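Quick note: the coordinates plus some simple rules give every number you see, no bench work behind them. Because the structure is predicted, anything quoted here is derived from the model rather than measured. Cβ: placed from backbone, ideal geometry, glycine included. Neighbour counts: every protein chain shown.
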Ligand SMILES: *Cc1c(COP(=O)(O)O)cnc(C)c1O
């Protein structure tokens, strides 16, 4: 049996008519940029994530960059993790700040909030927790620390649409929360897209200007902006997909439960879920001391895998200038050699999931 790591094609078989109708309606409407669909998606997500407003962006990376620009982090330090996808760090640099990395928890591989306080300096302008894999950072503790130091928080929710922590959704804690609609993400579009949810009107206004040339309502630039709009077509697809997102999330969780069960009989183990969190399984990540062997075994069995991420950002050549030596983030670095992501997307069949489970038992 061949089990792909990811494919969006089967979703078309299952939900094709709903999705194609949404696209067709959109193409026949009068506005293709910043029309009613983008507005509807912004309103829906603002409500869902307890914001006063939301602003669609051209990508998750732009959502992070412009959120950080709206908070004027330029010239300062932004605390985040190296155990993340590169764009978290690229956005901090693009906003003119210096990333400061804290290590992650040994069991969950999420930001170790106990290390935050010692990373805070008078230059700290923002904290960017990354809810990696669809798991969650301990936001209750993080917000206590951030509030005590009056440092704003930008949540990187690119991988955590649908994740809960202590009964609140990730993305409902920080000053601004950033989402990605990259096709593999839990709520994925048919191309690039992103969005910021804001807790304060002033940030909504700042982002509306920043993402469209710095314009005010009279098309006069009051600040230096960029073009980073969410397409009306992507918003149409995303609104349609939201009609079955709860089903999709439940399916991801059911697949994860089966993998968890299978791994009880294996030498590999799942990366733990943060206490109090409800994982949304954008990725299912296991940990094994002999990754090469596990990956080869799965490959021979026809099962696609991936590594998120093989090189921590602080060890990438582009970021060598930051000066993090090997061993400076030991938990992150050790995990990078041991983690392996399994296929987990809603249209995997029961047969495929059982088959992956059988192969996992032999690891
Ligand atoms: C996908 C991702 C992003 C960036 O999103 P794009 O839409 O690809 O620009 C940022 N942070 C994390 C953790 C991601 O996984």
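Just a few scattered comments:
- In region 12-24, the condition of being touching a strand residue (DSSP E or B) at 6+ places or on another chain (Cβ under 8 Å) and either within 16 Å of the ligand (Cβ to nearest atom) or farther than 17 Å from residue 156 by Cα (or both) is met by no residue.
- Pairs are defined by a Cβ separation below 7 Å, a sequence spacing of at least 6 or placement on different chains, a first member in region 1-29 that is touching a residue at least 40 places away in the same chain (Cβ under 8 Å), and a second member that is assigned to a strand (DSSP E or B) and surrounded by 13 or more Cβ atoms within 10 Å (Cβ to Cβ); the pairs so defined are 3/303; 5/306.
- Subset tally (residues that are more than 20 Å from residue 170 (Cα to Cα) and buried (at least 19 other Cβ atoms within 10 Å of the Cβ)) for region 34-54: 2
- So residue 167, is it surrounded by fewer than 23 Cβ atoms within 10 Å (Cβ to Cβ) and within 16 Å of the ligand (Cβ to nearest atom): no
- Residue match in region 43-52 (condition: over 20 Å from residue 139 (Cα atoms), more than 18 Å from the chain's Cα centre (by Cα) and either within 16 Å of the ligand (Cβ to nearest atom) or without any contact (Cβ under 8 Å) to a residue 12 or more places away in the chain (or both)): yes
- For region 108-136, filtering for residues that are over 14 Å from residue 272 (Cα atoms) and away from the ligand (no atom under 16 Å from the Cβ) leaves 13.
- Filtered residues of region 332-346 (kept if buried (at least 17 other Cβ atoms within 10 Å of the Cβ) and either out of contact with any strand residue (DSSP E or B) (no Cβ under 7 Å at 6 or more places or on another chain) or assigned to a helix (DSSP H, G or I) (or both)): 332, 333, 335, 336, 345, 346
- Only one of the numbered conditions (1) assigned to a loop (DSSP other than H, G, I, E, B); (2) crowded, with 21+ Cβ neighbours inside 10 Å is violated by residue 79, and that is (1).
- Of the residues making up region 83-101, those that are more than 10 Å from the ligand (Cβ to nearest atom) and either without any contact (Cβ under 8 Å) to a residue 60 or more places away in the chain or assigned to a helix (DSSP H, G or I) (or both) are 92, 93, 94, 95, 96, 97, 100.
- Across region 55-76, the qualifying residues are those that are near the ligand (Cβ under 10 Å from one of its atoms) and surrounded by fewer than 24 Cβ atoms within 10 Å (Cβ to Cβ), and the one among them that is nearest to residue 180 (Cα to Cα) is 59.
- All of (1) more than 30 Å from residue 103 (Cα to Cα); (2) exposed (fewer than 13 other Cβ atoms within 10 Å of the Cβ) hold for residue 12 with one exception: (2).
- Residues of region 190-201 that turn out to be under 18 Å from residue 65 (Cβ atoms) and more than 16 Å from the ligand (Cβ to nearest atom), as a count: 1
- Residue match in region 295-310 (condition: part of a helix (DSSP H, G or I) and in contact (Cβ under 8 Å) with a residue 60 or more places away in the chain): yes
Matching residues to (1) over 21 Å from the mean Cα position of the chain (by Cα); (2) part of a loop (DSSP other than H, G, I, E, B); (3) over 22 Å from residue 351 (Cβ atoms):
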residue	(1), (2), (3)
246	no, no, yes
250	no, no, no
255	no, no, no
258	yes, no, no
261	yes, no, no
267	yes, yes, yes
272	no, yes, yes
281	no, yes, no
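- The residues in region 186-221 that are out of contact with any strand residue (DSSP E or B) (no Cβ under 8 Å at 6 or more places or on another chain) and closer than 18 Å to residue 41 by Cβ can be counted, and the count is 5.
- Residues being surrounded by fewer than 16 Cβ atoms within 10 Å (Cβ to Cβ) and closer than 20 Å to residue 2 by Cα - total across region 273-303: 6
- Condition check for residue 228: in contact with a helix residue (DSSP H, G or I) (Cβ under 6 Å, 6 or more places away or on another chain) and in contact (Cβ under 8 Å) with a residue 40 or more places away in the chain: yes
- Exactly one residue among 247, 232 is within 29 Å of residue 23 (Cα to Cα) and touching a strand residue (DSSP E or B) at 6+ places or on another chain (Cβ under 9 Å), and that residue is 232.
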